[in-house]
Amino acid sequence: MKTRTIIKRYCIFFIGLIFCALGISFVTRAGLGTSPVSGLPFVISLITGISMGTFTFLFNMLFLILEAILRRKFTLQQALQIPITFAFSFFIDRFMAMIPTRFGGPWGSSFVYLMIGCVVMALGISLEVMADVIMLPAEALVRAISQTTGMKFGNVKVGFDSFLTVSAMVVALLAFHKLNGVREGTLINAIAVGNIVKLWRKLLEGAITVFLEK
């Protein structure tokens, strides 16, 4: 692959990363829960007062370690996940600081925030997938588990997201005696984003292909 094409692919991935962080922030600020992968970092941030981005980075580093253990090696591509994850976590914190929360407000306006977040997050994921250069540690761990066990990626992803969501629910119940950070928005996000990703890919794949071939 030409160096110019590789640079273009990483630029697309980085733009997708920013959109994904923005989408997660909108979903979280909706006050109706957050995305499955972000649930545990968000709940723990509510308990400790430490930023969601900080725990997003820490959890992803744990996922990176687990991926390396499964693969029994640590490659340059895995090492690149560290600065990528740092940038992702940084943007989450910046966007969270910029977007006013709808928690406790009218459900209708919270739902609007949630859907904006789902659409933007799906755009980010679509760009990351179409860039086809690197994955964030959470998705990379899912891929490693899939390749190691022979299970389908989609099935492992569902199980992984479900485990994180249940974990966030347990921690929230123990800390607050209610489901702070895990609500109907978490379920809506889990269902909606995958379907919206398909739409974004249909809309963008042609343009992305032309851009990469120039």
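The values are calculated or read from the model by the stated rules, or taken from the named source; none is laboratory data. Just so it is clear, the model here is predicted, and its values are computed rather than measured. Positions of Cβ are backbone-derived with ideal geometry, glycine not excepted, and every protein chain shown enters the neighbour counts.
Note down all Cβ pairs under 7 Å where the first residue falls in the range 133-150 and is within 17 Å of residue 35 (Cα to Cα), the second is β-branched (Val, Ile, Thr) and part of a helix (DSSP H, G or I), and they're at least six residues apart or on different chains.
136/84; 136/85; 137/85; 138/37; 142/156
Out of all the residues in the range 36-43, is one or more closer than 22 Å to residue 132 by Cα and assigned to a helix (DSSP H, G or I)?
To start, the set of residues in the range 36-43 that are closer than 22 Å to residue 132 by Cα comprises 37.
Next, only the ones that are assigned to a helix (DSSP H, G or I) stay: 37.
Checked the range 36-43: at least one residue is closer than 22 Å to residue 132 by Cα and assigned to a helix (DSSP H, G or I).
Rundown of residues vs (1) within 18 Å of residue 28 (Cα to Cα); (2) touching a Gly at 6+ places or on another chain (Cβ under 8 Å); (3) not small (Gly, Ala, Ser), yes/no style:
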{"site": "142", "(1), (2), (3)": "no, no, yes"}
{"site": "152", "(1), (2), (3)": "no, no, yes"}
{"site": "171", "(1), (2), (3)": "yes, no, yes"}
{"site": "185", "(1), (2), (3)": "yes, yes, no"}
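Which numbered condition trips up residue 148, out of (1) surrounded by fewer than 16 Cβ atoms within 10 Å (Cβ to Cβ); (2) in contact with a helix residue (DSSP H, G or I) (Cβ under 7 Å, 6 or more places away or on another chain); (3) modelled with pLDDT of 90 or more; (4) within 24 Å of residue 11 (Cβ to Cβ)?
(4)
Do the conditions hold for residue 55, that is, is it free of Cβ contacts under 8 Å to residues at least 24 places away in the same chain, not in a helix (DSSP H, G or I) and not acidic (Asp, Glu)?
no
Which of the residues spanning the range 1-50 are among the charged types (D, E, K, R) and buried (at least 21 other Cβ atoms within 10 Å of the Cβ)?
Hit for the range 1-50 is 29, nothing else.
Only one residue in 148, 186 is of a type in the set (Ser, Thr, Tyr), in contact with a Ser or Thr (Cβ under 9 Å, 6 or more places away or on another chain) and part of a helix (DSSP H, G or I). Which one?
Going through 148, 186 in turn, the sole match is 186.
Within the range 63-82, can you find the residues that are outside any helix (DSSP H, G or I) and either surrounded by 13 or more Cβ atoms within 10 Å (Cβ to Cβ) or of a type in the set (S, T, N, Q) (or both)?
Correct list: 74, 75.
Let's see how each residue does on (1) more than 18 Å from the chain's Cα centre (by Cα); (2) crowded, with 18+ Cβ neighbours inside 10 Å:
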residue	(1), (2)
54	no, no
84	no, yes
101	yes, no
132	no, no
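Looking at 108, 124, which is the one that is of a type outside the set (D, E, K, R), in a helix (DSSP H, G or I), closer than 30 Å to residue 199 by Cβ and free of Cβ contacts under 8 Å to residues at least 24 places away in the same chain?
Values: 124 fails: free of Cβ contacts under 8 Å to residues at least 24 places away in the same chain.
The match here is 108.
What are the residues in the range 151-172 that are of a type in the set (Lys, Arg) and part of a helix (DSSP H, G or I), if any?
157
So is residue 142 surrounded by 15 or more Cβ atoms within 10 Å (Cβ to Cβ), in contact with a Phe, Trp or Tyr (Cβ under 8 Å, 6 or more places away or on another chain) and more than 19 Å from residue 52 (Cα to Cα) or not?
The answer is yes for residue 142.
Please state which one of 176, 153, 160 is farther than 20 Å from residue 42 by Cβ and not acidic (Asp, Glu). Show your work before the answer.
Numbers: 176 fails: farther than 20 Å from residue 42 by Cβ; 160 fails: farther than 20 Å from residue 42 by Cβ.
Residue meeting the stated conditions: 153.
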